[in-house]
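Data block below; observations after.
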Amino acid sequence: MAATDALHISFDDGFGTIGNLWNVDASVSGEVTLSGYSAMMEWAVGREAGHGYGTYTINAKAEGNEPGPAIIFWPGDNQWPGQEIDLLEITPDGSGRQYGTLHWNEGGHDAYEAVVYDGVQGGVFHDYTMIWEAGRITFQVDGVEKAVFTDNVPTDFAHGGMNNTIGFLNNNPDTSITVRDVTYTPLGGAAPAQPAAPAVEPTPDIEVVTGEEQSWDDYAYEPTEPQDTWTPEPQAGWTPEPQAGWTPEPEGDPRFQPGPDGVIDWDALAAKVMANYEATGSWFV
C-alpha cells in the first residue's frame, strides 16, 4: 500500500497495515483491546512511512481516569522528539478528561501544544477525527471540533516533509483502549472502499497476543517497501489551559526508544513503570 492510498481497517480479519504489535487482545472479532502495557502501530521505517495530509477517523473507547490510553500518530522516521501528534490522551489529574497534543522538535527538545476536550465522556465509543492539511490540524470528536492547531504544523512527505504512522498505546494496568475502526482518506482523494459482505465461511481465528506468548523478536521486520512504522510513548507532558487544574510532568519526559538492534525492551520499561509507581504513587516512565 502506498502512503497516498485510502485505508480502512475494521479488525474483522486482521490488523491491516498495523503490524507492529505487543500484548494486543484480538479475541473479539471486529475490535482489538489494549490493556495493561500494550501497543500497536504501523511500521515506521522512513520519512515516507505511514500517511500524510488527509482525514483520519478512529472509532475507539478509552476506559479509566488516569493516563494510559492513547491514539498516536508517530513520526515516520521513528525519531523523537519530532512531529508526534496525539489525538487522544487522558489528563493525570484523576478527572478522566481527554485531550489532544501536537509535538514538534524545537532545537533538539520536545515542544508541544495541548487542548482539553470539553464534554467528552470516557468509557464509551467515540469517533476521533484528525484532519491534517497544509498549515492546519483539526481534531474532532463525534464530528464536533475540539482543537485547531495552526502553528508548528508539520508538512507531509509529498510536500517535502514527513508522514506519520497510525498507532495506539496503553501503559497503565488500570486503563484500556478498545479500537473498532480505522479510516484514512487522503486530502482530495476518494474515501476507502468498504469491504464487501463476507462470504459464508468460517471467520479466521485471531489469536490473543500476550507478553508471555510473544516478543518483539517474533515481529522482526525487513520491509520490501519503506511504508509503515513506530516507537510508542508514555503520556506526554504539556502545558494546559488554566482551567485544566493540574501540574504536568516536566517537558521532555523520556520516550520509548529501541535499543541498538532496533528492538524495544518492553519488560524493562514495564519494570521501570512499576518501580516509579511504588516510589511515587504515579504511573510514568
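The values are calculated or read from the model by the stated rules, or taken from the named source; none is laboratory data. For clarity, every value in this text was computed on a predicted model and none was experimentally measured. Positions of Cβ are generated from backbone atoms using ideal geometry, with glycine treated the same way; all protein chains shown enter the neighbour counts.
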For the range 58-103, how many residues meet the condition of being crowded, with 20+ Cβ neighbours inside 10 Å and either hydroxyl-bearing (S, T, Y) or in a strand (DSSP E or B) (or both)? 23
Could you list all residues from the range 89-148 that are without any contact (Cβ under 8 Å) to a residue 12 or more places away in the chain and either of a type in the set (F, W, Y) or under 24 Å from A191 (Cα atoms) (or both)? T138, V144, E145
Could you tell me whether the range 53-68 includes any residue that is within 19 Å of N20 (Cβ to Cβ) and aliphatic (A, V, I, L, M)? yes
Considering residues that are modelled with pLDDT under 95 and either surrounded by fewer than 18 Cβ atoms within 10 Å (Cβ to Cβ) or in a strand (DSSP E or B) (or both), the number found within the range 159-215 is 27
Name the residue, out of D110, D151, that is buried (at least 20 other Cβ atoms within 10 Å of the Cβ), of a type in the set (D, E, K, R) and under 17 Å from G82 (Cβ atoms). D110
Of the residues in the range 9-28, how many are within 21 Å of G123 (Cα to Cα) and under 14 Å from the mean Cα position of the chain (by Cα)? 1
Given the condition surrounded by fewer than 19 Cβ atoms within 10 Å (Cβ to Cβ) and over 16 Å from the mean Cα position of the chain (by Cα), answer yes or no: does some residue in the range 29-42 qualify? yes
Residue count, the range 7-23, condition crowded, with 24+ Cβ neighbours inside 10 Å and part of a strand (DSSP E or B), comes to 1
Do we have T91 as among the hydroxyl-bearing types (S, T, Y) and under 21 Å from G46 (Cα atoms) here? no
Residue under question is G64, and the condition is that it be at pLDDT 95 or above and either in contact with a Phe, Trp or Tyr (Cβ under 6 Å, 6 or more places away or on another chain) or acidic (D, E) (or both); does it hold? no
Within the range 149-164, the count of residues that are touching a residue at least 60 places away in the same chain (Cβ under 8 Å) and not polar (S, T, N, Q) comes to 7
V28 vs (1) over 23 Å from A114 (Cβ atoms); (2) in contact (Cβ under 8 Å) with a residue 60 or more places away in the chain: all pass except (2)
